[in-house]
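Student: If you scroll down you'll find the structure; I have some questions about it.
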Amino acid sequence: MASNQVYPFERNRYYPGKMLTTADFKAEQNYHINKLRFMNSLIYGTGIICGCSVVNLDDLSILIESGVAIDGNGREIIIDSSLVKKLSAITGFEELKSDKACLCVRYVEKDIHSVYAVSHKESDQEYEFNRIEEGYELFLADKDEYEEDDEEKSQFLHRENLFKGPNYEGYLVMPAIVCKGKNVMARVEIHKLTDANVKLTYMGILDIPNYSSPEGTQQIDIAIDDVELPKGGTYTKSLWMYVVDQAGSESNVILRSGSSAVFEDDKAIPAQNSFDIKVKMSDESPLSLIRRENGKLSLEERQTINSTYIKLAEIDLLRTGSAYVIESIREVGKNPYMDLPAQEALKNDYLEFFVKEVEIKKEPTEIEKETAPAAVYKVQETELKNVATGVLEIPLGKNARTGDIRYSGEITHGLGTGNVYVSIGYEYLSPDQTLGASAKSTVYGNPELFSRQSQQLVDAETAVRVLNDKGSFVVAAKLLKDVESLALTYRWVAIKFPSGEDLEATDYYGKSITAKTPTVVMRPRENYYFGVTFNNMDNCSISYELTAPGSGEITTDGVYTAPAREGVYEIRIYCSDMPMVCTYAYAIVKKDVSEQDPGSIEEQKKEPLVQMPNIDL
């Protein structure tokens, strides 16, 4: 395959007396053409700008509407007028091997306008083409051959196999980096491999320390019942969880050992016994994180994923011998249309029919939480235990007007639940004559009082809603005048005040935690997650520590790795905010653990080698 690389760029250098030849004029054209295409591929990407729809006219013919697309090399593909084509007249039809085809379009150039070459020599052609027409070519290909690669080139997604059977295979897909204090989705994907009429059932359990499920637990039950798909079909299920904002830069999502079960109809098939996905944790907002990950792609990586064709539609055929009938036409699985700045205003007008703005913000629903504007914030560490501060942005959009109310996303302040006071101040840059440069200032209260001193202030009335039981807050801003800014930047300060209950030792009475599995038998270097049950108390942040050196390793979210030598090892588990509320778990490390020993773990639960009761103050 020829290289499509157009850089580094070379321009013509002109000087007095330079003799210009055909090569110089070609170099002049190539510089501007290649520069434009290079920027098209980086800025716009690959896809359809407008039109290019495919419609089924009858059993043999289709209509391709006019439109514009850009391929992976940045070349504009312009279908200048709608056209009707018989499927059998399109390039590649005779080579189709299956009943599922893809209709694609690619960029082609054609020499046109033959003219007499005045200065031709005997060895040259007498006639030359005077123009190059930038056109396109439609072609058909088998769907399996042109199946898009779902593997993420940026390594942004983890993809773990759940099972692979004769007819189905399943995967768990989730981001490799998550944002503290934000929701994140793991996705189960089921793919059909054959034409067999078989139903699939899958069950499994994910342990999610450092996360919280919608039910407030640290596990997610995966249940997929009687899914039946055609060959090449895909079934997906979203598993939402909340990332707890606590110390640590890495977390684990664990498929619980022995929890998986897969059935094709009533026949059990082998499943992945367990896996442990290592996920990094970031203080960034999701939008900032995604921008950074997308921007990390090098030119070589971009070159490998650029496609020289655009897929317009998928076509199902009914074929009998040499005859065929068009059964159905579908749009491609992934939306090929690109977002363009010129369409932003029209898109906002249409969104008004789907987004409702209210004066009083109620507790957001799960859908509102998922679609809320991303609030950019970063908690900064301070020496004061009960004080936290950070910066947040409230997106305004391009059409913000006087009286509009905008909200930040839900922001976790990191001080836990309870009585917390939050104050915010408008942050901006202004020239300072003393420093001879711009200086950052923060105005707490009404910025209108300082508007005469600085013309950069944005007049907005703000309010803060503190969610005491969730350890977070939401900021609302009402514009007092029209602004041109796309976002408002605020500095927030949170202070936690101890209540009377916090000061009394009796607050601990009746509260306790217990390990879900107090004693476990393990092999050397094996991993195990110690989950916790809360008794007479709300779920809180949990910390883990080993009581003796050489006892192995344990992460901040409770994943224990046994040491290489045999023995009995103790793990202390306690509430981060209430260290007096704690319990102990024990790992019995043996090299000859038998899977056929039904009572090994349970017997140790009944009679642990070291008696250490849970502390219940």
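Student: Test residue 98 against the criterion of being closer than 18 Å to residue 329 by Cα, in a helix (DSSP H, G or I) and not assigned by TED's automatic domain parsing to the domain that holds residue 291, and give yes or no. Working first, answer last.
Tutor: Values: closer than 18 Å to residue 329 by Cα: yes; in a helix (DSSP H, G or I): no; not assigned by TED's automatic domain parsing to the domain that holds residue 291: yes.
For residue 98, the condition - closer than 18 Å to residue 329 by Cα, in a helix (DSSP H, G or I) and not assigned by TED's automatic domain parsing to the domain that holds residue 291 - is not met.
Student: Mind listing whichever residues of the range 156-170 are surrounded by fewer than 19 Cβ atoms within 10 Å (Cβ to Cβ) and outside any loop (DSSP other than H, G, I, E, B)?
Tutor: 157, 159, 160, 161, 164, 169
Student: Kindly indicate the residue of the range 1-27 that is within 24 Å of residue 42 (Cβ to Cβ) and exposed (fewer than 10 other Cβ atoms within 10 Å of the Cβ) and also modelled with the lowest pLDDT among those meeting that condition.
Tutor: Taking the candidates together, the pick is 1.
Student: Related question: Do you know which residues across the range 193-240 are in a strand (DSSP E or B), over 20 Å from residue 260 (Cα atoms) and among the small types (Gly, Ala, Ser)?
Tutor: Across the range 193-240, the qualifying residue is only 212.
Student: Taking the stated definitions as given, is residue 110 of a type outside the set (S, T, N, Q), surrounded by fewer than 16 Cβ atoms within 10 Å (Cβ to Cβ) and in the same structural domain as residue 52 (by TED's automatic domain parsing)? Give the derivation first.
Tutor: On the way: of a type outside the set (S, T, N, Q): yes; surrounded by fewer than 16 Cβ atoms within 10 Å (Cβ to Cβ): yes; in the same structural domain as residue 52 (by TED's automatic domain parsing): yes.
Yes, satisfied.
Student: Identify, from the list 53, 81, the residue that is hydroxyl-bearing (Ser, Thr, Tyr) and surrounded by 11 or more Cβ atoms within 10 Å (Cβ to Cβ). Before the answer, list the steps.
Tutor: Working: 81 fails: surrounded by 11 or more Cβ atoms within 10 Å (Cβ to Cβ).
So the residue among 53, 81 that is hydroxyl-bearing (Ser, Thr, Tyr) and surrounded by 11 or more Cβ atoms within 10 Å (Cβ to Cβ) is 53.
Student: Say we look at the range 84-94 and pick out the residues that are in contact (Cβ under 8 Å) with a residue 12 or more places away in the chain and charged (D, E, K, R); which of these is surrounded by the most Cβ atoms within 10 Å (Cβ to Cβ)?
Tutor: Of the range 84-94, the ones in contact (Cβ under 8 Å) with a residue 12 or more places away in the chain are 84-88, 90-93.
Restricting the remaining residues to those that are charged (D, E, K, R) gives 85-86.
On the way: 85: 16, 86: 12.
In this case the residue turns out to be 85.
Student: Quick test of your reading of the structure: residue 299 fulfils all but one of (1) at pLDDT below 85; (2) surrounded by 12 or more Cβ atoms within 10 Å (Cβ to Cβ); (3) within 24 Å of the chain's Cα centre (by Cα). Name the failing condition by number.
Tutor: Evaluating residue 299 over (1) at pLDDT below 85; (2) surrounded by 12 or more Cβ atoms within 10 Å (Cβ to Cβ); (3) within 24 Å of the chain's Cα centre (by Cα) leaves (2) as the failure.
Student: Separate question: Kindly list, by first and then second residue, each pair from a residue in the range 392-407 that is assigned by TED's automatic domain parsing to the domain that holds residue 465 to a residue that is crowded, with 19+ Cβ neighbours inside 10 Å and assigned to a loop (DSSP other than H, G, I, E, B), limited to pairs with Cβ atoms under 6 Å and residues at least 6 apart or on different chains.
Tutor: 392/375; 392/377; 392/408; 393/376; 394/408; 406/396
Student: Which is under 30 Å from residue 440 (Cα atoms), in contact with a Pro (Cβ under 6 Å, 6 or more places away or on another chain) and modelled with pLDDT under 65, of 373, 395?
Tutor: Working: 395 fails: modelled with pLDDT under 65.
Selected residue: 373, the only one of 373, 395 that is under 30 Å from residue 440 (Cα atoms), in contact with a Pro (Cβ under 6 Å, 6 or more places away or on another chain) and modelled with pLDDT under 65.
Student: Here is a further query. Where residues in the range 219-247 are touching an Asp or Glu at 6+ places or on another chain (Cβ under 7 Å) and of a type outside the set (Val, Ile, Thr), which of them is surrounded by the most Cβ atoms within 10 Å (Cβ to Cβ)?
Tutor: Filtering the range 219-247 down to residues touching an Asp or Glu at 6+ places or on another chain (Cβ under 7 Å) leaves 219, 231, 234, 236.
Among the residues that remain, those that are also of a type outside the set (Val, Ile, Thr) are: 219, 231.
Working: 219: 18, 231: 14.
Of everything passing the filter in the range 219-247, 219 is surrounded by the most Cβ atoms within 10 Å (Cβ to Cβ).
Student: Within the range 56-77, take every residue that is buried (at least 16 other Cβ atoms within 10 Å of the Cβ) and among the β-branched types (Val, Ile, Thr) and give me the one that is farthest from the chain's Cα centre (by Cα).
Tutor: In this case the residue turns out to be 62.
Student: Something else: Considering 71, 80, which residue is among the charged types (D, E, K, R) and either in contact (Cβ under 8 Å) with a residue 40 or more places away in the chain or on the phi > 0 side of the Ramachandran plot (or both)? Spell out how you get there, then give the answer.
Tutor: Details: 80 fails: either in contact (Cβ under 8 Å) with a residue 40 or more places away in the chain or on the phi > 0 side of the Ramachandran plot (or both).
Result: 71 is the single residue among 71, 80 that is among the charged types (D, E, K, R) and either in contact (Cβ under 8 Å) with a residue 40 or more places away in the chain or on the phi > 0 side of the Ramachandran plot (or both).
Student: Considering only residues that are crowded, with 22+ Cβ neighbours inside 10 Å and out of contact with any strand residue (DSSP E or B) (no Cβ under 7 Å at 6 or more places or on another chain), which ones fall in the range 551-575?
Tutor: Passing the criteria: none in range.
Student: Return only the number of the condition from (1) at pLDDT 90 or above; (2) within 16 Å of residue 299 (Cα to Cα) that residue 82 does not satisfy.
Tutor: The single condition residue 82 does not satisfy is (2).
Student: Right, next: Could you please let me know if residue 206 is in contact with a strand residue (DSSP E or B) (Cβ under 7 Å, 6 or more places away or on another chain) and within 19 Å of residue 527 (Cα to Cα)?
Tutor: Details: in contact with a strand residue (DSSP E or B) (Cβ under 7 Å, 6 or more places away or on another chain): yes; within 19 Å of residue 527 (Cα to Cα): yes.
Yes, satisfied.
Student: Further question on the same structure: Take the range 251-284 and flag every residue that is within 17 Å of residue 528 (Cβ to Cβ), among the charged types (D, E, K, R) and surrounded by 13 or more Cβ atoms within 10 Å (Cβ to Cβ).
Tutor: Matches in the range 251-284: 256, 276.
Student: Any idea which of 194, 201 is among the hydroxyl-bearing types (Ser, Thr, Tyr) and modelled with pLDDT of 90 or more?
Tutor: 201
Student: Here's a follow-up. Of the residues that sit in the range 398-440 and are charged (D, E, K, R), at pLDDT below 80 and part of a strand (DSSP E or B), which one is surrounded by the fewest Cβ atoms within 10 Å (Cβ to Cβ)?
Tutor: In this case the residue turns out to be 440.
Student: When the range 241-277 is examined, which residues are found to be touching a Ser or Thr at 6+ places or on another chain (Cβ under 7 Å), among the small types (Gly, Ala, Ser) and not in a strand (DSSP E or B)?
Tutor: Selection gives 247, 248, 257, 274.
The values are calculated or read from the model by the stated rules, or taken from the named source; none is laboratory data. Every value quoted in this text rests on a predicted model; they were computed, and no experiment measured them. Every residue, glycine as well, gets a Cβ built from its backbone with ideal geometry; the counts of neighbours run over all protein chains shown.
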